[in-house]
Amino acid sequence: MSGFLALIRRDVALSLRIGGGGLMGVGFFLLVVTLIPLGLGRDAETLAKIAGGLIWASALLACLLSLDRMFQADYEDGALDLILLAPQPVEASVAAKAVAHWITTGLPLTLAAPVLAITLNLPAQAFWALIASLLIGAPGLSMIGAVGAALTVGVRRGGLLLSLLVLPLWIPTLVFGAQAVNRAAVGLDASGALMLMGAVTLLSAAMGPFAAAAALRVNLR
């Protein structure tokens, strides 16, 4: 457990120290959600209808920006070999790096989302669903992203390949997240969509570390 927590602290510190993908992702998220109303106009009804899907799609793209550095930076400086040789299981190391990615990317996006929802005229009754969906779904994005990052580690300019691998697997989370927000916005029950999203996150947390660890072993053999 000490190695698991130490790896999380290390990745979070490195991300903050170099102004890494986490801050860049939040900046991208803010930029996209701010620019869309300028292009579509300030019609409150139109913005309210697309708010849930827009925020979730922007969050997915923001998470994608920092995924390629999850293992690639450690691969380039040799730290990944040491991580794989550590007494801690590779699966635990993968999970720790996914948690660190969520702390530096998913959590800031969740905190920023309610402020941006105001600019999109999202109804007040939908704010709880927006926050809940991001808290439930964002960890799953990081875990699924870890699998894609492990598959493309060592590949030069693997960002496009990573996008092609990860984005289709993120679609269920996007659909359920947007549906939860939209249902809450019109006064309907959003718990069903949130539970389905939770199932996706739990499944990715159960299978993701093993899939990513297997990919790392193959790529670094």
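Computed over segment 2-219, the quotient of the alpha carbon radius of gyration and 2.2 N^0.38 Å is 1.03. Does anyone have the angle between helix 21-40 and the longest principal axis of the chain? Alpha-carbon axes, 0 to 90°, nearest 10? Approximately 20 degrees, to the nearest ten. Counted by Cβ distance under 10 Å from VAL153, the other residues give a net charge of -3, where Lys and Arg count +1 and Asp and Glu count -1.
Remark: the LEU84-LEU35 segment gains 13.4 nm on full extension, using 0.36 nm per residue and subtracting the alpha carbon distance.
Rounded, prolate or oblate: pick one for segment 40-122, where a ≥ b ≥ c are the square roots of the eigenvalues of its C-alpha gyration tensor, a/c under 1.5 means rounded, and failing that, prolate if a/b is larger than b/c, else oblate. It comes out prolate by the Cα gyration axes. Each stretch of four or more DSSP H residues adds -39500 (n - 2.57); spread over every residue of the chain, this sum gives -28000 deg cm²/dmol at 222 nm.
None of the figures in this text is laboratory data; all of them are computed from the coordinates on show. On a predicted model such as this, the values are computed, not experimentally measured, just so you know. Note that we place each Cβ from the backbone using ideal geometry, even for glycine, and neighbour counts take in every protein chain shown.
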